[in-house]
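Trainee: Sharing a structure here in structure tokens format.
The values are calculated or read from the model by the stated rules, or taken from the named source; none is laboratory data. It should be emphasised that the depicted structure is a prediction, and the values quoted were computed from it without experimental measurement. So basically every Cβ, Gly included, is an ideal-geometry build from the backbone, and we count neighbours across all protein chains shown. Accessible surface areas use protein heavy atoms only, side chains included; no ligands, DNA or RNA. Shrake-Rupley method; radii C 1.70, N 1.55, O 1.52, S 1.80 Å.
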Amino acid sequence: MYQEAKKSFLSFKTKEEEEEEKQSARFFECAELILSWLSPSDLALISSTCKSLHQLSKSITTIRSSDASRNFENNPIPFINTCDSQPYSYFIYTPTQILSLSSPHPSQQWGQLARSNLQNKILDLSEKPILYPKPTSISSLSVGNSYGCVCKDCLAGKSDGETQCPCSRLKPEFLTGLVVDSEVMTECGPTCVCDFGCANRLTQHGVIVHLRIIKQSRKGWGLYAAQFIRRGEFICEYAGELLTTTEARRRQQTYDQYAAGGQFSSALLVVREHLPSGKACLRINIDATRIGNIARFINHSCDGGNLLTVLVRNAGALFPRLCFFASRGILEGEELVFSYGDIRLRSNGLQCYCGSSACVGILPSEET
Ligand SMILES: C[S@@+](CC[C@H](N)C(=O)[O-])C[C@H]1O[C@@H](n2cnc3c(N)ncnc32)[C@H](O)[C@@H]1O
């Protein structure tokens, strides 16, 4: 009798306790949404405050390491790390080039929990994560009075690849895998009447091949094939923030200082396109260090690697894009690598661990 009375007394909840419990349940539902906006260090900090938040943070970390592309690409691109405890590399994802963000702290939701009740109510999970502040996508910027095509079927034409489409300077050798040097090619773009299904938009459908990102003790994260990739197949474009040359130089100085302190990888690429006149050169600075796509993980190889870089111009688009294609058949499990350049300005530059027989020992470095 006494035992029964004690039990019912203990399970009795006051109104205040019930209200507190409800509030705590609501807090954890909201926490799922808020935590997916946090950087890894803030996530770790909050996970140390209580057991429930620790569990939530762990689930978010698992989701983050299962897809670097955050659902932006056609297939998940997982992180795999067997050399230390870093589960993923943190950066903000953009599948295409964007104009440089002036905000010093852009943020993006990453790691939403699919089975959250609250999320099911207010979020469509097929949506891409939001990038804040909202960037300007370069593909939406077109040149005034520019050309475009009005073809019904842009690549219909002769079997040798010659087509009537004015936007198509697609090298036929590309598709048969014979080209080995850097080329410039053109595709249909924003000013054409054709839609995204057009065959002359090879590089505009995101990453189609299966890839993974693996960490190595000496080179850091690298991009690897998770399937056999045919020679000439499109891999990805180099997406990031487009910078002015002044801003690129400023950032490179900061990155060099961080790199000197160790454990920092920058991903600022300078592309120079020699214009047909031969007199001028168009310079494009793409920084994928804080905002970029999976191309930011491609490491250097002194022997030129297995990738071919191609500048692709979409008809009517203001800027060309740097795209990677397989320069030969690539086996599943092989690392995707290309040459960062031939110039080594700094004799005390970073040590190269490409492992090729052509290895010079130092990573390329140029004046930004
Ligand atoms: C564009 S990032 C490539 C991804 C980088 N490994 C990471 O962990 O994020 C360029 C940096 O990767 C490293 N890296 C690239 N290729 C390398 C190589 N062959 N040997 C050593 N380090 C390399 C250098 O730190 C370089 O500054």
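Trainee: Would you mind getting me the FRET efficiency between LYS152 and ARG272? Use the beta-carbon distance for r and R0 = 41 Å, nearest 0.05. Could the numbers behind the result be given before it?
Mentor: Working: r = 37 Å, r/R0 = 0.90.
Between LYS152 and ARG272 the formula returns 0.65.
Trainee: Next question, about the same structure. Taking the Cα-to-Cβ direction at ASN75 and at ASP256 and moving 7 Å from each Cα, how far apart do the two end points lie in nm?
Mentor: Inter-label distance under the simple model: 4.0 nm.
Trainee: By how many nm would the segment from SER52 to ASN348 grow when fully extended, if each residue of separation counts as 0.36 nm and the alpha-carbon distance is taken off?
Mentor: Working: separation 296, 0.36 × 296 = 106.56 nm, distance 4.82 nm.
Full-extension gain reported as 101.7 nm.
Trainee: What is the packing order of peptides 318-331, 100-113, 218-231, taking the mean over residues of other C-beta atoms within 10 Å and listing the highest first?
Mentor: Details: 318-331: 19.4, 100-113: 15.8, 218-231: 17.5.
Put in order of decreasing packing, that is 318-331, 218-231, 100-113.
Trainee: For THR191, what is the net charge nearby, where nearby means another residue's Cβ is under 15 Å from its Cβ and Lys, Arg count +1, Asp, Glu -1? Display every interim value, and only then the final one.
Mentor: Details: positive: ARG201, ARG313; negative: GLU187, ASP195.
Once positives and negatives cancel, what remains is 0.
Trainee: Continuing with the same structure: Would you kindly state how much longer the chain becomes between SER217 and ARG26 on full extension, computed as 0.36 nm times their sequence separation minus their alpha carbon distance, in nm to one decimal?
Mentor: Numbers: separation 191, 0.36 × 191 = 68.76 nm, distance 4.24 nm.
Extending this stretch completely gives an extra 64.5 nm.
Trainee: Could you pull the accessible area for ILE34 with a 1.4 Å probe, rounded to 10 Å²?
Mentor: Probe radius 1.4 Å; accessible area of ILE34 about 100 Å².
Trainee: Apply the Karplus parameterisation 6.51 cos²θ - 1.76 cosθ + 1.60, with θ equal to phi minus 60°, to every residue of the stretch 86-102 and state each ³J(HN,Hα) to the nearest whole Hz, in sequence, with x for glycine and proline.
Mentor: Once rounded to whole Hz, the list reads 6, x, 7, 9, 9, 7, 9, 8, 9, x, 9, 5, 10, 6, 3, 8, 6.
Trainee: Give, in nm to one decimal, the length gained when the segment between HIS205 and LYS13 is fully stretched (0.36 nm per residue of separation minus the Cα-Cα distance). Show your work: numbers first, answer last.
Mentor: Values: separation 192, 0.36 × 192 = 69.12 nm, distance 5.71 nm.
Fully extending the segment from HIS205 to LYS13 adds 63.4 nm.
Trainee: Taking R0 as 22 Å, what FRET efficiency do you get between ILE130 and LEU45 from their Cβ-Cβ distance, rounded to the nearest 0.05? Write out the running numbers ahead of the final one.
Mentor: Numbers: r = 23 Å, r/R0 = 1.04.
Between ILE130 and LEU45 the formula returns 0.45.
Trainee: Still on this structure: What is the magnitude of the charge dipole of the stretch 218-358 about its Cα centre, with +1 placed on the Cβ of each Lys and Arg, -1 on the Cβ of each Asp and Glu, and no other charges, expressed in debye to the nearest 20?
Mentor: Dipole magnitude for the stretch 218-358 comes out near 360 debye.
Trainee: What FRET efficiency comes out for the pair ILE34/GLN164, r = Cβ-Cβ distance, R0 = 51 Å, nearest 0.05?
Mentor: Numbers: r = 55 Å, r/R0 = 1.07.
That pair, ILE34 with GLN164, gives E of 0.40.
Trainee: Give me the accessible area of ASP195, 1.4 Å probe, in Å² rounded to the nearest 10.
Mentor: Ignoring ligands and nucleic acids, ASP195 comes out at about 100 Å².
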